[in-house]
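What follows draws every value from the coordinates through simple rules; no lab data is involved. Keep in mind that this is a model prediction, so the values were computed, not measured. Glycine gets a Cβ as well: all are built from the backbone with ideal geometry, and neighbour counts include every protein chain shown.
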Amino acid sequence: MLGAGALAACGGDGGPDTLAEWATEADQVCSSTQAAFDGEPPVVSPFPGEVLRVAAEYSEVLVEQLRDLGTPGERDEDVERYVDTVEARNEALVVYADELDRSPAAGPGPSSDLLSQKTLDAAEQAEALGLQVCRVGVDPTIARTSADTSTTTAPVTGDTARPLDPLDEIVDESETVESSAP
């Protein structure tokens, strides 16, 4: 039987030995999950929140994969807090998507305050852990280009009277604008 010191030295739960090893593995998981989401065909839905719900589904898988990595022997509480924060951000994303679907098309859009705060919290924790790719879960803000129509998705900005925040870049797949790219 291993002593407590030997167990702690190997990550305590079968996870990576060091924070750097965990960060490398986590970044690989995040990269492959984001690539899988990006490889999906554009979401076609009359509901503007649908693309966010699809991103949330991928983020749920991402959270489970991060949990499956285990925690390193160092800063394991910080790693667990980060994964919990990504999960909470994901839950806030689903709530925001539902509220977006219920809001009138002419606006104003729903408040993104909770989602903005969870997104900021996750990004700050990711940086503190040395993550290079992982930040807030699967990111639906990456504009997708349709090869056959040369269009890109336009961001949902919600209430234009308030200052812009990171969520103002959330993509609404139902709105497109002509791309200025050659």
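Per the Debye calculation on segment 27-85 with a single equal scatterer at every Cα and no solvent contribution, log₁₀ I(q)/I(0) for q = 0.14, 0.20, 0.25 Å⁻¹ amounts to -0.48, -0.79, -1.03.
Note on residue 117/residue 20: beta-carbon distance plugged into 1/(1 + (r/R0)^6) with R0 of 25 Å gives a FRET efficiency of 0.30. Shown is the FRET efficiency for residue 67 and residue 103, computed with R0 = 41 Å from the Cβ-Cβ distance and rounded to the nearest 0.05: 0.80. Simple point charges give the picture: +1 on the Cβ of Lys and Arg, -1 on the Cβ of Asp and Glu, and for segment 25-123 a dipole about the Cα centre of about 420 debye. Of the peptides 42-50, 129-137, the ranking by mean beta-carbon count within 10 Å, highest at the top, reads 129-137, 42-50.
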